[in-house]
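Structure, as structure tokens:
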Ligand code: CP3
């Protein structure tokens, strides 16, 4: 069953009989059944309701027949479990009770211990019973979490977080260490519930220079990846706009998630040239915009990506970022069926 899954085989560097496919944000607003279940309910409260989170996790698997069930939750959930004031506002995103900008703010923040995550373990356990594909655990990378914490909410270029790492490196180190610990605990809670693989969302790493990423962020992302690998769980490392960081992203990860701005063929060439890693497993990278372009253009785009993926040892098909909320779900179902047929 799950152990013979094409998704897990691909993560071992094998070429399964069919190319595995799943979508970031497959559980969410593109699905009418999701909108019905979530109506009138707060996002973070829904994430802390095991039965609800399990059901939402299973919805896209039933509908689309995807090869992995990414656990329905959010990168901000561990903050909530630790007792930090945070909310996810519809159409806005994560909003903190206050921004954490200086040494005393951050000192106060890191005094929060990771919370009990038994509801998360329970939710994954229930989800795993509902689906016949592996459940994929995930967490936010320290920089992506810190960007919300320091800014106090969503931001375009994460200016305050980037300023903090340079102006107060000791506070930054404390913050990033704490974020890594929270994300690792969140991952472990999902793995305890039966998740079989893990994706680290280093979403905003692309807003950093390579030097800053390597100095201020990579060591903390690596702590999470290494902590998960120590449990013999394969890891996927994904970020947006991370073309220049791909070889760094490959370090310590089983699979590199390629975003839609980077050509998959170029990404594979770069990774091969730098001798990393073996086997070379890549995930990506359909441009989410192509989902709205009609079957002819979408099929041609997907075929180009599948072709490019053949240069790696194995390839997991995914979008180069999340499913846009206005996506027609039938487009996704058809895409999965076509890829499985090919
Ligand atoms: O299906 C899945 O991918 C699994 C569940 C998942 C969610 N968020 C559900 C969600 C995952 C893996 C995430 C990760 C996440 N959350 C990231 C990293 C991925 C990325 O997008 O780069 C980030 C940055 C967040 C923070 C966050 N949470 C944002 C920016 C938003 C969108 C705000 C909005 O309304 O536009 C959320 C809310 C959120 N997380 C929703 C879902 C399904 C929408 C909530 C709703 O239905 O109102």
(message) Can you go through 257, 309, 241, 284 and tell me which one is within 16 Å of the ligand (Cβ to nearest atom), closer than 19 Å to residue 21 by Cα and touching a helix residue (DSSP H, G or I) at 6+ places or on another chain (Cβ under 7 Å)?
(response) 284
(message) Given (1) more than 22 Å from residue 66 (Cα to Cα); (2) surrounded by 16 or more Cβ atoms within 10 Å (Cβ to Cβ), identify the lone condition not met by residue 116.
(response) (2)
(message) Go through (1) surrounded by 19 or more Cβ atoms within 10 Å (Cβ to Cβ); (2) within 17 Å of the chain's Cα centre (by Cα); (3) closer than 29 Å to residue 89 by Cα for residue 227 and report which single condition fails.
(response) (3)
(request) Would you check if residue 91 is within 10 Å of the ligand (Cβ to nearest atom), over 29 Å from residue 134 (Cα atoms) and either in contact with a strand residue (DSSP E or B) (Cβ under 9 Å, 6 or more places away or on another chain) or modelled with pLDDT under 95 (or both)? (result) yes
(request) Please give the strands (runs of 3 or more DSSP E) falling wholly within the stretch 245-342 in which 1 or more residues are touching a residue at least 40 places away in the same chain (Cβ under 8 Å) and more than 18 Å from residue 203 (Cα to Cα). (result) 281-286, 314-319
(request) Would you be able to say whether some residue in the stretch 29-42 is touching a residue at least 24 places away in the same chain (Cβ under 8 Å), under 24 Å from residue 140 (Cβ atoms), within 19 Å of the chain's Cα centre (by Cα) and more than 10 Å from the ligand (Cβ to nearest atom)? (result) no
(message) Residues that are without any contact (Cβ under 8 Å) to a residue 24 or more places away in the chain and within 16 Å of the ligand (Cβ to nearest atom), at least 1 per element: which helices (runs of 4 or more DSSP H) completely within the stretch 119-202 meet that?
(response) 159-167
(message) Given the options 284, 252, name the one that is under 19 Å from residue 25 (Cβ atoms) and in contact with a strand residue (DSSP E or B) (Cβ under 8 Å, 6 or more places away or on another chain).
(response) 284
(request) Would you mind stating whether residue 263 is surrounded by fewer than 19 Cβ atoms within 10 Å (Cβ to Cβ), modelled with pLDDT of 95 or more and more than 16 Å from the ligand (Cβ to nearest atom)? (result) yes
(request) Assess whether residue 20 counts as being out of contact with any helix residue (DSSP H, G or I) (no Cβ under 6 Å at 6 or more places or on another chain) and either closer than 16 Å to residue 138 by Cβ or more than 11 Å from the ligand (Cβ to nearest atom) (or both). (result) no
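The values are calculated or read from the model by the stated rules, or taken from the named source; none is laboratory data. Quantities reported herein were computed from a predicted structural model and do not represent experimental measurements. Ideal geometry is used to build each Cβ from the backbone, glycine not excepted, and the neighbour counts take in all protein chains shown.
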